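Only the coordinates and a few stated rules stand behind these numbers; no lab work does. From a predicted model like this one, the values you see are computed outputs, not experimental measurements. When we count neighbours, we look across all protein chains shown, and the Cβ atoms used for this are built from the backbone with ideal geometry, even at glycine.
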Amino acid sequence: MSYLQSIKKCFESDVVFYTRHAKVEMENEELGRIFEHEVYEAIFNGEVIEEYPEDKPYPSVLIFGKTMAGYPLHIVCAYNDEEDLTIIITVYRPNPALWVEYKRRKKP
């Protein structure tokens, strides 16, 4: 099972932990609050666009996906295979000035 499939499985089973940082970012997003159901939607039609294998305590990934309303989201999350748990580290609406099609960082 791929890393993304494991994350999706956790969402289907409602075995997802949102860090305090993620919750604060979601509530204070400058373009409007991001809701958990929107994170779910973006995960299920999303794709891994960056990997952070050195992150501790678990490797993490950056997922790009869109909500059912078509809003782009970036979700940084990790998967704890020992507990079969997905940890949402942060969620935000990517700035189009910084990303190419929300998938690749623009060169400075």
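Observations
- Straight-line cross-link partners of K107 among the lysines, defined as a Cα under 30 Å from its Cα and at least 8 positions apart when in the same chain: K23, K56, K66.
- Packing, as the average of other Cβ atoms within 10 Å across residues, places the peptides 30-43, 75-88 in the order 75-88, 30-43, highest first.
- Spatially, region 46-73 and region 88-108 are offset by 10 Å when compared through their Cα centroids.
- 222 nm mean residue ellipticity, helices alone, for the chain (DSSP H n ≥ 4; -39,500 (n - 2.57); rounded to 500): -7500 deg cm²/dmol
- Here the extension length gained between S2 and Y52 equals 16.5 nm, from 0.36 nm per residue of separation less the Cα-Cα distance.
- When peptides 14-20, 51-57 are sorted by average Cβ neighbour count within 10 Å, with the highest value leading, the order is 14-20, 51-57.
- Under 9 Å, Cβ to Cβ, from R93 - net charge with Lys/Arg +1 and Asp/Glu -1: -2
- Long-range amide H partners of I49 with built H, under 5 Å: L62, I63, F64
- Rg/Rh for the chain (Cα atoms only, Rh after Kirkwood) is 0.94.
- Using θ = phi - 60° and Karplus 6.51 cos²θ - 1.76 cosθ + 1.60, couplings along region 97-104 (whole Hz; Gly, Pro as x): 6, 9, 10, 8, 6, 6, 10, 10
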